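What follows is a single structure, written as structure tokens, with notes after it.
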Amino acid sequence: MRATHFKKVGTGSNKRQEKLIVHIKNRWRTILQLIRSIGNMIGYKKSLSEWQCLSEVKMGRGSPIPPMLQRKIVEQYQKGVSQRKIAKSLKLSSSTVHNIIQRFRESGTISVRKGQGLKTILDAHDLQALRRHCITYRNATVMEITTWAQEYFQKTLSVNTIHRAIRCCRLKLYRSEKKPYLNMIQKHRRFLWAKAHLKWTVAKWKTVLWSDESKFGVLFGKLGRHVIRTKEDKDNPSCYQPASLMLWGCMSACGMGSLHIWKGTINAERYIQVLEQHMLPCRHCLFQGRPCIFQHDNARPHTASITTSWLRRRRIRVLKWPAWSPDLSPIENIWCITKRKMRQRRLKTVEQLEACIR
């Protein structure tokens, strides 16, 4: 009868697993020993000689001296050892040993005295004055505030110092708030208007006389119109747009019309005067008596009853316009180009702005 031999299954794989486990344990034991040595070195639990043996590398420039090493320096100094020998035995610089001993002579301890370090240029009283100035002149640039601070405090101040001081006053440079965005009803009305005028030809669009008012402001900063305020002063009236002028203008595919500078508030009576003095002559000059369509937005002076009746008596056809839709008018591109060129001139007063426009 043939003998049956049973082969052991998995003996080779078990040996490999055992070797792997032993290797992992050895590596883990080595890592634990390294962690203990680093912890002892950081915590200074071992003696000074052991600590020096563990860390043969010299400490870098500016590294703090361990308290145990400082006590060792003081002990050797009290025993009468010279500073040069102490520095040589502990592998430290002579200046470091001298500073520690000098501190021990003056205060009797090795701890650092309070109040050491770089003093602030602006104290609390100066920060209050700076905060009042920033709130009063919210549209001033940081460079202008720096110039004022140097003259007011009689100190040499940089732009970065004023930046940090403004942040210490809990102020920040924000962009001025603009008009709110469109809501769903206004978006739907814009869509219906675009759908109604979808089949207009180019020739018909050339018969439109575009008109609009635009505000030209002063005190432009490097990154646009900014205001210095706190986060809570978002709706403060002094944080709105700076001093400005309101202009009325018109244009068509035939050419440009005239400009009119508004002074004071705009109402329906004054708007009708502008239409009589500027719009009608421009209409006659551009279209030479041909029929045209007049366009203006839905501002209150434009939609007032006396304005609509005046347009009806003059038999002026008005293009219906959706609310909050200045981007649909091509005259906005003219305003944008004009403002970009005027922004480069850095106009600071309303008089300079008016002279530049004229």
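Structure notes:
- Check on residue 129, modelled with pLDDT of 90 or more and either outside any helix (DSSP H, G or I) or buried (at least 17 other Cβ atoms within 10 Å of the Cβ) (or both): no
- When residues of segment 312-337 are limited to those that are outside any loop (DSSP other than H, G, I, E, B) and without any contact (Cβ under 8 Å) to a residue 24 or more places away in the chain, the one farthest from the chain's Cα centre (by Cα): 313
- Exactly one residue among 193, 210 is modelled with pLDDT of 85 or more, among the hydrophobic types (A, V, I, L, M, F, W, C) and touching a strand residue (DSSP E or B) at 6+ places or on another chain (Cβ under 7 Å), and that residue is 210.
- Counting only helices (runs of 4 or more DSSP H) that fall entirely inside segment 1-89 and contain at least 1 residues that are modelled with pLDDT under 80, the qualifying elements are 11-43, 48-54.
- Output for segment 113-126, where each listed residue is modelled with pLDDT under 85 and either in a helix (DSSP H, G or I) or at negative phi (or both): 113, 114, 116, 118, 119, 120
- Residue 323 falls short on exactly one of the conditions (1) touching a helix residue (DSSP H, G or I) at 6+ places or on another chain (Cβ under 7 Å); (2) more than 25 Å from residue 276 (Cα to Cα), and that condition is (2).
The values are calculated or read from the model by the stated rules, or taken from the named source; none is laboratory data. Worth saying up front: this structure is predicted, and the values here are computed from it rather than measured. Glycine gets a Cβ as well: all are built from the backbone with ideal geometry, and neighbour counts include every protein chain shown.
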